[in-house]
Structure formats: C-alpha cells, structure tokens
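Below is one structure, written out as structure tokens, with a few remarks after it.
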Amino acid sequence: MKEQDSIPTSKTERSAKFVKTGFKVSGNYIKHYSKKLFNPSLNRDELNLENAADIYESLSELKGSALKVAQMLSMDKNILPKAYVDQFSLSQYNAPPLSGPLIIRTFSKYFGKSPAEIYDEFNIRSTNAASIGQVHQASLNGKKLAVKIQYPGVGDSISSDLKMVKPFAFRLLGMSQKELEVYMSEVEERLLEETDYELEITRSMEFSEACKNIENLVFPIYYPKLSSKRIITMDWLEGQHMKEFMKTNPSQELRNKIGQALWDFYNFQQHELRAVHADPHPGNFLITPEGKLGIIDFGCIKEMPDDFYYPFFSLTSTDMLKDKSRTIKAFKSLEMIKESDDASQVEFYYRVYKEMIELFAKPYMTNTFDFSQSDFFEKLYLYGEKVAKMPEFKQARGVKHFIYVNRTNFGLYNMLHDLGAVVKTDTWYPHVEIAV
Amino acid sequence: MKTAIEIQNAYVDYVLTKGLKPTSVYVFAKENDLTEEEFYNFYASFDGIEESIWIELFNRALTEVQNQEVWDQYSSREKTLAFFFAFIELLKTKRSFVLHSLKHSKQMIGAPSVLKGVKLLFDGFTSTLIDQGVESGELANRRFLTSRYKDALWVQFGVILNFWTKDNSSGFEKTDEAIEKGINVTFDLFGKSPLDSLFDYGKFMMNNGGMNPNVKF
C-alpha cells in the first residue's frame, strides 16, 4: 500500500484540496462530453465512476472528518448512483496510513514511554486506517493487540472540514442549504464525540458488557490503562471483512447466522439500550474464523430520546398506520409534517411518508425476513430516487435524529442484503404498545 | 573546584534571573567562587557556554532517537522526523533558556552564533542520512543539487525552531504538525519526481531517438 506522507491540515490547504477536486470533477465532465462527441453510446456510468474516484482520492487524502463523510455518503446506497457507492466503499477501510515517528511521539506524550517500552512488540506500520486514526498491531504477554492511534489536531479541523464538504454534499445529494444546516450540526456533534477516545473506550466497555449475552457476537477486551485521549488498546480480533468473507462463498446457514447476530445486535441496542452503534459500515465488523461476528468500533453512538423513540417505533411496529389521524399526529411530533403545512401539503406528506414507513417496517411485519431478495431493495432505491426528485423535499423535514437512525437502519439492511441473509426479525421487539 | 556542568548551571541561572549576561567573566567568576583561570579551563566565553548547551541538547536528542528500537527500520525521512520530535521535546525542558539564547544571540548569516556548533553536527547527521537515502533510492541523486539537500534541511531546522518559539498550542501540538509537514515537504522535493523522469527521457531521446528538428513524421 502506498504510504501517505502528509495530511493537509490548515484550512487553506484543505480548501485547496477540495478546490482541486472541484476542478477535476468539472474536468471529467468536459472529458466525458468530448468523448461523447466521438462515441455517442458512452453512458454516464463511466463519468460517475471518474468523478467518484477523484472525490474519493481527495477525501481520503484529507483523512479525518472528510473521510468520515465519505463513509457516511457511501452508506446511503439508495441515494447515490452505483459508481459513487463502489468508490466510496473503498473508504470504508484501507485509507492510506501516516508516517511512523509521529506515532512514537504520540506515545511518549501520553504515556511518557515509547510503544516498544509499553508492548512486547509493536508494528510501526499501520494495518488499517480508522478514518480519524490508524490501527497498529502489537502484542503484550502473548496476547495480540490492536492499537488505535488518533492523528493530532483532528478535533480542530472537523468543523472547518464539514463546511467544505457542504458544496459536495449539495452536488451529490441535491440537498438544500437549510436542510443541511440541521443535519450538519448533528453530524458535527457525533464526529466530535468520535474524536474523544476516552469517551469511546468507556462506551465500548459498557456496550460490550450490555450486549455480551447476544449469541454469536464477539467483542474485543479493552485496556483502559493502555489507552488515553489519543490511543485505544484492545484485543486483536482475527477475521475477515464482509467483502472478503463473501468471496469465500459462505454457506447460506453461515450467512444467516452472521446476519442474525447483526440483526440482534442492532435491535437489542435500539429497543433495550435506546442507544445504538450508529456506524454500521462494513469496516467496523469482522467475521471470525469461528463464524461469529466481531464488533470493533464504538466511536459513534446515537442515543434515542423518548420523544423520538415512541412516535417512530409506534409507526413502524403497531397498526397505527391504519389510523390516519394518529399517524398524522405522530408525523407531526417527528416534524415530518409541520404545523404550518396547509391541508394539501399535509395530505401529500402523509402519503409519501406513509409509504416510507411501510417500506422501512416491512422486515418487522413478518417473523422472518429474507434480505437477499432484490425487489425489496429495488423498492427502497426507487422510493429514494423518487423522493430525491420531488421539489417538496428540497427543504428540511423530520427531526435531526433521523439522520443517524436512518443511517443505522438502512446501513443494517444494506449489510444484511450484502450478506444475503434470512433473519428472524421478532427477536427484539420495540417497546411500544401493540394493542391500540 | 567546579565542574563544567556547575558553571553551566550557574550561568543559566544568572541569565534567566537577571535577564542579561554577566558584565564580565571576572564578575561572574567572583560571584561563583571561581578564579578566571578555572572558568577559561572550560569555556572561552559566555557564548561558548550557550553553544555547548545547544550541542548537548542536540546530542541528547540524537542519542535518544538512535537508541530507539525502530531506528534502523526508519527511512531517512523518518529518521529526520524522529530527530525533530525528540529535539523539540527536549527543548521543552529548557524553554526559557532557549528563548533567551535565541533572542540575545548575534545573528550571523544562516544561523544565530550560538547554533554554530549545532549546525556542524546537524550537517554531519543529515549528510549521512542523505547519502543513505540516495543509496537506497529514497532520494533522487541530482547533479549539483544533492550536495545542497543538507542546506534545505538546515533551513527546516530554523523554521521549526522559530515556529516552536512562537507556538501557543497546548503541548506544542502545532509544532508537531509543523514538523510532520515541513519535513515531508522537504523530502518530497528530494524524492524522485516526474520531472526527473521527463528530463531523463528527454536526454535519452535527444541522444538516441533521432529527434532532430529536421526529421519529418
């Protein structure tokens, strides 16, 4: 792997990087249309692919929050064309690493010792990038460890990064400024939490303790004494990421087992803990050689307040949708329908959101659900595309909690789809009144 | 009888408390129960003391990084980075002295006079690194230019030192970034670039490709 030697950090430098991408993207359009002059059959897929590659290159060189945004965009398969998704998926793991002496510097700063003095062995070349840091292999007392190190100054640059990502988000997602404001502040909050490794290690330990009874899940042991503001030490989990795992042609039985573990993990958190690991991208999971699901990152946790939880899951898991006035009331409390909307608008949003909730809730409607079936996902994508084109959706709708809850659940669905798993969906059920 | 270290400490204490150098070696010696002769046995002047403190800092930083287990695995670029991180860390222990010394030193071409000794050592250190880098292919060997690489690194030394004296960030984190970036940029310039290949290709075509202006396609 090509080692990255510098990370542009000052705002002007980062801006320059983004501007460069902008140039390149417009360059790609010019290239595309000039090629098309000679070859009219050329389709947009190729153009999208080139754009995605350039944007990815630019974002991954920036590391930090920009890479995080790339990861986030790549989760929303239903919004982005396939070419973007393929490129952005790259960013989910394997971003270029940073050079060595700074790592030693970070250690001596926080522990007063070099990694060689702390661990029996420490590999100075990182194995993966963790978007705002990188992961190194180490060992101590015969145990294989994963050491996650954060790049200095990440927290500082998040806000300025997000400001610069905005124009790209406009272009990629076709969102309006106002809508983005609501989202960006929520995203910023989560990202800043992610840079707090002390918080992450507390949460990791809490969550792995709370989820320990769920079948077929594996959590690494965390070592708070070997962790600090910028460093997290945990057990090294052996295993494959989802894509590599799928290449080994696993049996349907095994895929179901992994899928079930994934489903249980998420629904247990949503309904029992009311706080959820909100970063369901494949880079955060490993499939161990024993056929279990390893969870390796608790950086992003979304807590669900009651005023979101109850209306939302009442909609998905009771027959509330059959009762129009109660449904509208729930939509209003979730700000999907606003008090200022007139009667025709209320009717319009009621129809569109009802369709969304019905789609979303489909896996919950039966005891088992086959996530391999494409027509369910086709419908999701079609719905996403349809909504994206509606002028009514250029403005902010829905409470901010939707960003991470949607990302979590659609991320979960996508992963289960990639796994092609059939799962029992009635294992952990929402705590809302079923009888109406 | 005092040791060199004691004289050094007494001197540092003097300049930091009073904010200026002693008026003469005579005065300084008298205050510290020394004879002038004893002083001159160790140092030729007050500047000599400062210079030796800088040299000690340099040597300590270098020894420290060279004793790190990973040192031998490092490329020239990483060795330079490691040295600077260690050096800046050490300077922290003597920040007041460093600030004073740089501020009051006579400015000479290229470096403050107190850094004269350090420059010689630094040049020696970087020359070896550059030779190693050229040999391993990490750095491009350019006629006339390779021998100037060490000067570019000395410029970085000045830039980083200067940056650090003005750094207000907690734990001097910004200086860490300045080092990482500055050294990387410098080494990127030393490395093989498309221009080298282009130049090389051009030369080759001129000699062998029959590229002369009269040839028609």
Practice task
May I ask for the angle, rounded to the nearest 10°, between helix B:4-18 and the longest principal axis of chain B, with both axes built from Cα atoms and the value confined to 0 to 90°?
Solution key: 80 degrees
Practice task
Determine the shielding of peptide B:67-75 by partner chains: average, over its residues, the number of Cβ atoms on other chains within 10 angstrom of each Cβ.
Solution key: 4
Fill in the blank from the handout: Mean-square fluctuation maximum in Gaussian network of chain B, Cα pairs under 10 Å, restricted to B:Ala44, B:Ala61, B:Ala140, hits B:Ala44
Handout entry: Shielding of B:166-172 by partner chains, average beta-carbon count, 10 Å
Key = 1
Practice task
Only helical DSSP H runs with n ≥ 4 go in: add -39500 (n - 2.57) per run for chain B, normalise by residue count and round the 222 nm mean residue ellipticity to 500 deg cm²/dmol.
Solution key: -23000 deg cm²/dmol
Problem - Alpha carbon centroid spacing (whole Å) that separates region B:142-187 from region A:343-364 - result: 59 Å
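Please quote Rg/Rh for region A:239-436 to two decimal places, taking the Kirkwood radius as Rh and restricting both calculations to Cα atoms.
Ratio of gyration radius to Kirkwood radius: 0.98.
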Fill in the blank from the handout: Given pairs A:Lys302/A:Lys322; B:Lys106/B:Lys166; A:Lys229/B:Lys94; B:Lys92/B:Lys174; B:Lys21/B:Lys103 and cut-off 24 Å on Cα-Cα distance, the over-length ones are A:Lys302/A:Lys322; A:Lys229/B:Lys94
Practice task
Take chain B, connect every pair of alpha-carbon atoms lying under 10 Å apart with a spring to form a Gaussian network, then pick out the residue of B:Gln73, B:Gln107, B:Gln156 with the largest mean-square fluctuation.
Solution key: B:Gln73
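Would you mind checking A:Lys212/A:Lys362; A:Lys148/B:Lys181; A:Lys379/A:Lys424 for any pair whose Cα atoms are more than 24 angstrom apart? Walk me through the intermediate numbers first.
Numbers: A:Lys212/A:Lys362 28 Å; A:Lys148/B:Lys181 22 Å; A:Lys379/A:Lys424 21 Å.
As for pairs spanning more than 24 Å Cα to Cα, those are A:Lys212/A:Lys362.
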Handout entry: Choice from B:Asn41, B:Asn168, B:Asn59 with maximal GNM fluctuation in chain B (Cα, 10 Å cutoff)
Key = B:Asn41
Fill in the blank from the handout: Charge tally for neighbours of A:Phe369 with beta carbon under 12 Å away, counting Lys, Arg as +1 and Asp, Glu as -1, is 0
Exercise for the section: With +1 on each Lys and Arg Cβ and -1 on each Asp and Glu Cβ, and nothing else charged, work out how big the dipole of chain B is about its Cα centre, in Debye to the nearest 20. Expected result: 960 debye
Practice task
Please name whichever of B:Tyr201, B:Phe84, B:Val114 sits farthest to the positive end of the charge dipole of region B:47-204, dipole taken about the Cα centre and charges placed at Cβ: Lys and Arg +1, Asp and Glu -1.
Solution key: B:Val114
Completion exercise
Going through A:Lys109/A:Lys143; B:Lys2/B:Lys119; A:Lys338/A:Lys400 one by one, the pairs whose alpha carbons sit over 18 Å apart turn out to be A:Lys109/A:Lys143; B:Lys2/B:Lys119
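If I take every Cα pair under 8 Å that is 6 or more residues apart in region A:300-361, average their sequence separation and divide by the length, what percent do I get for the relative contact order?
Rounded, it is 32 percent for region A:300-361.
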Problem - Cα-based reach from B:Lys150 at 16 Å (exclusive), listing aspartates and glutamates while leaving out same-chain residues under 8 positions away - result: B:Glu78, B:Asp123, B:Asp131, B:Glu135, B:Glu138, B:Asp188
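No lab work stands behind these numbers, since they all come straight from the coordinates. Keep in mind that what you see is a predicted model, and the values were worked out from it rather than measured. No Cβ is skipped: glycine too gets one built from the backbone with ideal geometry, and neighbour counts run over all protein chains shown.
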